[in-house]
1. Could you go through segment 15-30 and let me know if any residue there is assigned to a strand (DSSP E or B) and modelled with pLDDT of 95 or more.
2. Is segment 70-81 home to any residue that is of a type in the set (Lys, Arg), in a helix (DSSP H, G or I) and over 15 Å from the mean Cα position of the chain (by Cα)?
3. I'm trying to understand the selection: among the residues of segment 1-22, which are more than 11 Å from the chain's Cα centre (by Cα) and surrounded by fewer than 22 Cβ atoms within 10 Å (Cβ to Cβ)?
4. Being at pLDDT below 95 and among the aliphatic types (A, V, I, L, M) is true for just one of Val90, Val52, Val34. Which residue is that?
5. Restricting attention to segment 16-64, which residues are of a type in the set (Val, Ile, Thr) and either touching an Asp or Glu at 6+ places or on another chain (Cβ under 8 Å) or farther than 28 Å from Glu178 by Cβ (or both)?
6. Output yes when any residue across segment 34-47 is in a helix (DSSP H, G or I) and touching a Lys or Arg at 6+ places or on another chain (Cβ under 6 Å), and no when none is.
Amino acid sequence: MAGLFIVFEGLDGAGSTTQASLLESYFKEKGKKVLLTKEPTQGIIGGTIHAVLKGDLSLSNEALQLLFAADRSYHLSKEILPALEKDYVVISDRYLFSSIAYGSASGLDKNWLKKINEKFRLPDISIFIDVDPKVCINRIKKNRFSSELFEKEESLNKVRKEYLNLAEEFKFEIVNGEGTIEATHKKVLEVIKKYI
């Protein structure tokens with residue numbers, strides 16, 4: 001497969017969406033074909049997940065994680081893998097590591113979470129935008145009218161701890177995202193240049 005698969009991970013409010021978008025612009029300026037995508041998707045399963053995260057629909061944590069896995073399977077087969085086969089740089093805002101970090105922080109068995117995600121292709125580059133949960137909460141309050149399921153400081157502290165464990169296990173790149181958007185983007189580019 002000729003393309004490059006890059007994934008951004010981070011707590012809610014860490015800025016992964018912004019950084020994914022900036023990296024898309026960077027590659028486009030270099031003349032690369034780029035697919036910017038995200039999880040949960042905007043498909044039917046993704047829509048159900050969004051409803052749960054917003055509190056409009058109630059499901060068990062297990063059911064939610066199975067939906068994430070189903071959405072990811074669809075995402076891979078319909079978007080990510082076809083784009084990689086056509087030599088695209090695929091940038092995804094969140095991927096399977098989000099499921100493992102958020103799922104285990106909510107009390108689910110980490111081995112089960114890994115098992116339901118084990119068949120999915122791993123990214124070529126995984127970047128964790130590391131931001132203190134207090135900073136994330138302040139950003140969320142400033143930029144949004146409402147918060148989602150996991151957007152409480154205590155929850156985010158647990159999620160961050162899980163992400164840092166995953167970073168060690170799966171060899172993520174960790175980028176401090178507490179500076180300006182531009183400063184964080186510069187650090188992201190330093191990481192990317194190590195690989196390309």
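The values are calculated or read from the model by the stated rules, or taken from the named source; none is laboratory data. Note that the structure is predicted; figures quoted are calculated from it, not measured. Positions of Cβ are backbone-derived with ideal geometry, glycine not excepted, and every protein chain shown enters the neighbour counts.
1. Checked against the condition, which is being assigned to a strand (DSSP E or B) and modelled with pLDDT of 95 or more, segment 15-30 yields no hits at all.
2. Yes: segment 70-81 contains one or more residues that are of a type in the set (Lys, Arg), in a helix (DSSP H, G or I) and over 15 Å from the mean Cα position of the chain (by Cα).
3. Met1, Ala2, Gly3, Leu4, Thr18, Ser21, Leu22
4. After ruling out the rest, the residue left standing is Val52.
5. Within segment 16-64, Thr17, Val34, Thr37, Thr41, Ile44, Ile45, Thr48, Ile49, Val52 qualify.
6. Scanning segment 34-47 turns up no residue that is in a helix (DSSP H, G or I) and touching a Lys or Arg at 6+ places or on another chain (Cβ under 6 Å).
So that you can scan it fast, the table gives a plain yes or no per residue for (1) closer than 22 Å to Glu190 by Cα; (2) assigned to a helix (DSSP H, G or I):
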residue: Lys119; (1), (2): no, no
residue: Leu122; (1), (2): yes, no
residue: Phe128; (1), (2): yes, no
residue: Val135; (1), (2): no, yes
